[in-house]
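Trainee: Provided herewith is a single structure, encoded as structure tokens, for subsequent inquiry.
Derivation of every value follows stated rules applied to the coordinates shown; laboratory data play no part. Predicted model only: the values in this text are computed from it and were never measured. As a convention, Cβ positions derive from the backbone with ideal geometry for all residues, glycine included, and neighbour counts pool all protein chains shown.
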Amino acid sequence: MSGEKEPNSTRPAIGPALPPDHVLVAGEQDVGVRLDLFLCRVIDCFSRSQFKKMIQEQRVLVNHLHNKPSYELKAGDIIRVRLPSTKQDDALVPEKMPLDILYEDDELLVVNKAPGIVVHPGAGHERGTLIHGILAHAPKLAMQGAPRRPGIVHRLDRDTSGAMVVAKTERAYLSLIRQFKEHTVKKFYMALAYGNFAEREGEIRVPLGRHPTERKKIAVLPNRGREAVTRWQLEKQWEEAVALLLVTIETGRTHQIRVHLAHVNHPVVGDQTYGGGKKRARSLRRKQIQDLLVGVDRQMLHAWRLAFCHPVSHADLCFEAPLPDDFKGILDGLQ
């Protein structure tokens, strides 16, 4: 016997095995992070106190063991999370809405999400989400994910438009989740950003995490954030005021492009949360550009191209989502 105390571990799960809603693997950047804090960073639809309660209710397993909320993660820990059951009153009811479908087959569909649409239900957005509309079009979606996110393998912010893939079958869901985890899915964005870009291209590589005091925001956290990599290429520069960028992301952190560009003093046009709002527009010297951009009321960020491997045929697929009218209108005005 070594005499070592097993840190915070208790007994293994008892009773019938229930499929977890999330299976997560702790990386090197997560070493030493509390279990409840890690969960609220990665699954951002619940608060830290809610995850603390779930852990105490034994809805969370680490390496098949129950642990305390204060358990400090090790690299390679496998965390299985079973979220509270969906109330009958909260069951998803399909809602017809216009959908711009770029591709569809028996396994998946790719949709061009309109700006202003929330992807799935959450606090303050119980109805009218994209998933409500997709369910009216395709009633059978993969159920491997969280109960209120059927088929969802990635997300776009409410005011970000563009290409999204949704899984219709369980095998498509598992394949797409694996591709996103292995960073083989290629995501290209068009972004309008403030400032003068002296270089033609660049890379932003700084860790991101939940803001320490403002929970709805993401912040650069050099010592305890998760790795995030954003690359940009300059497509067009209008004087020293604003530029059109082609952006690719190697990782898919919440608000990644918005926070990274703001970090290098090039916030996305219209992004009130991260410094690209009306105040920045009013600081421009040229009145014509100032008048054009001060009226922008959402971030000018569009998921333009999405490429991945088909989960069944293994064919390489690539889809481009046309720019929405408001984005095109700004570009026409700048010209």
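Trainee: Grab the Cα-Cα distance for Lys53 and Arg127, subtract it from 0.36 nm times how many residues apart they are, and report the gain in nm with one decimal.
Mentor: 24.0 nm
Trainee: Right, another one. At what distance in nm do the modelled label points of His137 and Asp316 sit from each other, each positioned 7 Å from its Cα along Cα→Cβ?
Mentor: If labels sit at His137 and Asp316, their model points lie 2.7 nm apart.
Trainee: A follow-up question, please. Picking from Trp238, Gly270, Tyr194, whose Cα lies most toward the positive end of the charge dipole for the stretch 188-299 (charges on Cβ: Lys, Arg +1; Asp, Glu -1)?
Mentor: Result: Gly270, furthest along the dipole toward the positive end.
Trainee: Tell me the label only: which of (i) 18.0, 52; (ii) 21.2, 77; (iii) 24.0, 78 is Rg and Dmax of the Cα atoms in Å as calculated from this structure?
Mentor: Of the labelled values, this structure produces (ii).
Trainee: In whole angstrom, how far apart do the alpha carbon centroids of the stretch 199-256 and the stretch 262-335 sit?
Mentor: Taking the Cα centre of the stretch 262-335 as reference, the centre of the stretch 199-256 is 13 Å away.
Trainee: Cα convex hull of the stretch 95-179: how many Å³ per residue? Don't skip to the answer; put the middle values down first.
Mentor: Numbers: hull volume 7.5 nm³, N = 85.
With only Cα atoms used, the stretch 95-179 gives 88 Å³ per residue.
Trainee: Okay, next question. Among the complete DSSP H segments of the chain, which ones combine at least 15 Å of alpha-carbon extent along their axis with a mean Kyte-Doolittle hydropathy of -1.0 or more?
Mentor: Numbers: long enough: 170-181 (16 Å, -0.44).
What comes out of the filter, once short or polar helices are dropped, is 170-181.
Trainee: Suppose a student asked you for the relative contact order of the chain, using Cα pairs under 8 Å spaced at least 6 residues apart; what percent would you report?
Mentor: Relative contact order here is 14 percent.
Trainee: Okay, next question. Calculate, axis by axis, the spread of Cα positions in the stretch 246-309 along the three principal axes, and write the results as whole Å, longest axis first.
Mentor: Extents along the principal axes, in whole Å: 46, 21, 16.
Trainee: Report relative contact order for the stretch 188-299 in percent, whole number only (criteria: Cα-Cα under 8 Å, sequence separation at least 6).
Mentor: The normalised contact order for the stretch 188-299 reaches 25 percent.
Trainee: Let me ask another. Identify all lysines with a Cα-Cα distance to Lys187 below 27 Å; exclude those on the same chain that are fewer than 8 residues away in sequence.
Mentor: Here the lysines satisfying the reach criterion relative to Lys187 are Lys113, Lys140, Lys168, Lys216, Lys217, Lys236, Lys328.
Trainee: Here is a follow-up. When a/c is below 1.5 the answer is rounded, else prolate if a/b is larger than b/c, else oblate, so apply that to the stretch 188-299 with a ≥ b ≥ c taken from the square roots of the Cα gyration tensor eigenvalues.
Mentor: In terms of gyration-tensor shape, oblate.
Trainee: Right, here's the next one. Give the order of His132, His183 when sorted by the count of other beta carbons within 10 angstrom, beginning with the fewest.
Mentor: Ranked by crowding around the Cβ, least crowded first: His183, His132.
Trainee: Taking 0.36 nm per intervening residue step and subtracting the Cα-Cα distance, what contour gain separates Lys181 from Val206 on full extension?
Mentor: 7.1 nm
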